[in-house]
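Engineer: Right, I'll just put the structure down here and ask away after.
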Amino acid sequence: MAPLGKKMDKQWRFVGQEVITPKDLTLDHIHYVYGLSSSTRKGGREADETCASNGNGSIFPYCGNRYSGSTLDGSTEGKDNGNSGCAAARCKEGNPHCLNYMGQQQWEEEDALDEYFALVADKPDPGLCKRPENTPSGMKNLGATCYANSLLQVWFHDLAFRDAIYRCRFNDDEDPSMNALYQLQQLFAHLDRGLKSFYNPLSLVNSLKLDTATQQDAQEIDSQLQKQLDIQLRTFINDQFQGLYSYNTTCKNCRRTSVRDCTFYELMLNIKDNWTLEDCLEDFVKPEDLTGADQYSCSTCGSLQDASREIKLEKLPNVLNIQLMRFVYDNETWTKKKSKDTIWFPEVMDFSEFLQANDTVQYELSAVLVHSGPSAHSGHFLAHVLQRENNKWFVLNDEEVTEFHGTAFDPEDYSKATSDNKSKTKTKFKRAATKNEDVEIEAHANPFSSRNAYMLTYVKKTSSPPLRPCASSTETLEIVTQDNALFEKELLEYDD
């Protein structure tokens with residue numbers, strides 16, 4: 001950079017000729033330039049003459065506004081004179097000694113920001129946030145909370161679970177702000193009866209101590225809430241969501257079979273391209289040989305023995321959550337990656353074959369959780385939910401809620417969904433069989449598919465009519481009513 005002393009044009013004259021390089025600049029120079037110092041720079045004959053002509057040590061007219069009597073260090077200096085008044089002719093065109101024409105004084109006035117926006121911007125129409133009739137309510141994304149929103153929407157649309165949350169009561173002497181169950185009840189009540197098209201779940205997120213800036217797995221919020229469940233609700237969750245399978249290991253030497261029971265809340269299934277859900281279940285329960293380094297320690301033989309092991313489904317819950325192993329570990333790169341394999345699944349499925357039951361055990365699809373994006377470390381979560389009140393499917397994408405008519409649960413294919421998707425036609429497709437051969441099979445009428453789904457929720461079909469959730473607590477309903485009244489007032493004020 002060339003020395004400043006060699007650029008003695010107008011923009012540098014007020015600094016003083018003793019400034020040759022930027023290192024020569026001092027705090028006194030800065031005070032002087034902005035009219036906050038009474039000292040006069042003696043930088044040369046030309047500078048002296050210029051400063052003397054202004055009487056204040058600067059080539060700019062000195063503004064006598066309310067900032068003129070103080071310096072940066074807080075001291076007061078009397079510099080006002082008869083010729084130092086603030087005027088547009090003297091100060092508006094870039095006078096660094098004037099803060100009035102830079103807008104400082106106006107912005108310090110009370111309500112200045114509101115007045116500014118009232119002048120330069122139209123007030124947003126609150127009617128745009130009004131919830132359409134017979135449409136679910138969305139949830140505000142607080143930064144990276146789409147994973148939580150999608151799972152919470154699935155829970156809300158589970159009528160039995162909603163009813164259980166509404167039945168919870170809380171002590172008056174408890175602080176509800178950090179009670180996750182209380183905040184979950186507030187959330188459900190607003191999603192149920194709120195007039196706005198979406199609800200802000202900040203209070204629930206804070207009670208669960210979730211990091212709004214970090215995207216986590218959807219099961220994170222599940223585990224966080226499980227820790228705060230009371231005994232009554234935990235019993236309900238076990239009855240509603242807990243299933244049972246057993247590991248059956250048979251020693252090939254003594255032929256003795258040992259059985260170990262395992263409970264589950266989510267059935268975790270591997271997937272491969274073009275597998276059906278039935279293929280995934282068959283892969284889950286197929287026998288495996290325990291040989292070599294995987295030999296079984298047989299208590300009867302008292303030694304390691306070759307054995308065979310299989311999984312048997314003993315009991316399925318009323319609400320079956322199937323976790324698809326969409327995110328897998330890559331042994332070559334030592335990183336987690338996302339599988340884009342397509343899986344096919346039916347609207348209604350009979351599990352009697354896997355339960356070895358004589359009677360039909362039918363489950364109906366009620367929700368599909370999807371991760372949109374190519375990477376396991378980023379992307380967006382959204383939910384597809386069946387609203388049982390009117391038997392319609394909706395895409396719940398944070399604040400945005402739209403009706404869903406397709407059969408491919410992939411966000412990038414939504415635009416391809418047409419009325420043709422609704423036709424009950426039989427289709428054929430190729431799938432990789434479990435015996436490593438390609439076979440052509442006839443699919444179910446109107447099969448569903450997805451290369452992004454990571455959780456499927458099936459609900460057991462019964463002859464009983466759908467449950468009607470009870471009303472929430474009086475206190476919760478009063479809060480929803482107050483929020484609705486404020487929103488209606490906002491609508492009226494905007495119309496006026």
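Engineer: With unit charges on the beta carbons (Lys and Arg positive, Asp and Glu negative) and the dipole taken about the Cα centre of segment 130-266, which residue among 226, 257, 152 sits farthest to the positive side?
Structural biologist: Farthest along the dipole direction, towards plus: 257.
Engineer: Around residue 347, which amide H atoms from residues at least 5 apart in sequence, or from another chain, sit under 5 Å from its own amide H, with H modelled in the peptide plane?
Structural biologist: When sequence neighbours closer than 5 places are left aside, the close amide H contacts are 448.
Engineer: At a 10 Å Cβ-Cβ cut-off, how would you order 212, 474, 26, 457, fewest neighbours first?
Structural biologist: Values: 212 14, 474 8, 26 11, 457 24.
Arranged by neighbour count, lowest to highest, 212, 474, 26, 457 become 474, 26, 212, 457.
Engineer: Fewest first, what order do 336, 252 take by the number of other Cβ atoms within 10 Å?
Structural biologist: With the fewest neighbours first, 336, 252 line up as 336, 252.
Engineer: If I histogram all Cα-Cα distances within segment 243-460 using bins 10 Å wide from 0, what percent of pairs lands in each bin?
Structural biologist: 7, 27, 33, 21, 8, 3, 0
Engineer: Moving on. Most exposed first by the Cβ proxy, i.e. fewest other Cβ within 10 Å, how do 405, 157, 29 rank? All intermediate terms of the calculation are to be shown ahead of the outcome.
Structural biologist: Details: 405 13, 157 22, 29 19.
Neighbour counts put them in this order, fewest first: 405, 29, 157.
Engineer: Would any residue of segment 327-370 have its amide N under 16 Å from a label point 7 Å out along Cα→Cβ of residue 378? List them or say none.
Structural biologist: What the label zone holds, given the 16 Å backbone N cut-off, is 336-338.
Engineer: Taking 0.36 nm per intervening residue step and subtracting the Cα-Cα distance, what contour gain separates residue 485 from residue 214 on full extension?
Structural biologist: Additional length available on full extension: 94.1 nm.
Engineer: If you don't mind, there's one more thing I want to ask. Express in nm, to one decimal, how much length is gained between residue 475 and residue 31 on full extension, taking 0.36 nm for each residue of separation and deducting their alpha carbon distance.
Structural biologist: Extra length from residue 475 to residue 31 when fully extended: 153.8 nm.
Only the coordinates and a few stated rules stand behind these numbers; no lab work does. None of the values given here were measured: they were computed from a predicted structure. For neighbour counting, all protein chains shown are included, and Cβ atoms are generated from backbone atoms with ideal geometry for every residue, glycine included.
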